[in-house]
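> Take a look at the following structure, please.
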Amino acid sequence: SGPIPDEAKQRAFAIRTNFEKQIQDLAAEIGKAPQLLFSLVGEGPLLSRRAPTRWGAFEAWYGIHGEIKKHKDTSPQEWTKIVSAERGKYCQAKLGDKWEDPEALTKLFEPIMAWYLEKHETYVEELKLEGTFDKVVGKVQHEYMRLAETAFKYNGVHCFGFIVNLQPDHTGRTGSAMWGATPAFERMKIDEKGVISRQIAEWESLLRRADMALNGDAEEHEKELWTVQLMSDKRDHARQAFLAWLGRDIGEYHAFSLT
């Protein structure tokens, strides 16, 4: 118990930095994207979906601010080699003898990481406005389904859940979905399609209500609360079946009259 010693932290960061560098060097050697190798060794979800790496941030940053520009006839493999070499030059020029020091590298890349995260946030918002954000949802969903497959294969447990996006696109779609990867889950999705659709709608409403409460939007909070109350009144199987038959939108509208 207790805090991690500083020496252990430094060693852990050094191991992680060395791991990333070795993967990047190998990717450059074989002419493949580093992310392919990260995914191969089980680091795909961590490095691509949850925590952007310095490598990914630098590659995006260099593509815009770097001296060497990527031509249309430059293959991804060739570009990976170029960026890998330029990244090493950049670190050595900025840090000198400390260019492999984990703490120095972390500090050096802080502005680039901040730039990358800001650009990524803008990119996500544009996808939502264009109505193509469901592609991102699909990629995230795929990663969790891989974990669900592994859990069922080796442990015999069913893992499933919801991916919820609160910002609809210009057509009103959010791309929210329920994920899972076992045969029983796939059967349930077919047999209980209406129930699952309503659960997704209810999670959207509950989370939207909580988001509004956090942001102090009292009026919209009360409207969303009313929607949640209507949906949460559906209890018995006959009512569930009837609402499924009516369809989600009109079913939600008639929910109150069935209570």
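The values are calculated or read from the model by the stated rules, or taken from the named source; none is laboratory data. All figures in this text were calculated on a predicted structure; none of them were measured in a lab. Reconstructed Cβ throughout: ideal geometry from the backbone, glycine too, with neighbour counts over all protein chains shown. Heads up: the accessible areas ignore ligands, DNA and RNA and are worked out on the full protein's heavy atoms, side chains in. Shrake-Rupley method; radii C 1.70, N 1.55, O 1.52, S 1.80 Å.
> So which residues in region 56-76 are surrounded by 14 or more Cβ atoms within 10 Å (Cβ to Cβ) and under 25 Å from the mean Cα position of the chain (by Cα)?
G56, A57, F58, E59, A60, W61, Y62, listed by residue number.
> Against the definition (at pLDDT 75 or above, open to solvent by less than 80 Å² (accessible area, probe 1.4 Å) and not aromatic (F, W, Y)), how does A33 come out, yes or no?
Taking the combined requirement at face value, the residue does not satisfy it.
> On the basis of being open to solvent by 60 Å² or more (accessible area, probe 1.4 Å) and modelled with pLDDT under 90, does D191 make the cut?
Here the answer is no, as D191 does not meet what is asked.
> Pull up region 126-139, narrow it to residues that are open to solvent by less than 40 Å² (accessible area, probe 1.4 Å) and modelled with pLDDT of 70 or more, then point me to the one that is farthest from the chain's Cα centre (by Cα).
The residue in question is G138.
> From the list R235, R209, pick out the single residue that is touching a His at 6+ places or on another chain (Cβ under 8 Å), of a type outside the set (V, I, T), at pLDDT below 85 and open to solvent by 40 Å² or more (accessible area, probe 1.4 Å).
Just one listed residue meets the conditions, R209.
> Same structure again: When only residues in region 36-66 that are of a type in the set (S, T, Y) and modelled with pLDDT under 70 count, which is farthest from R87 (Cα to Cα)?
S39
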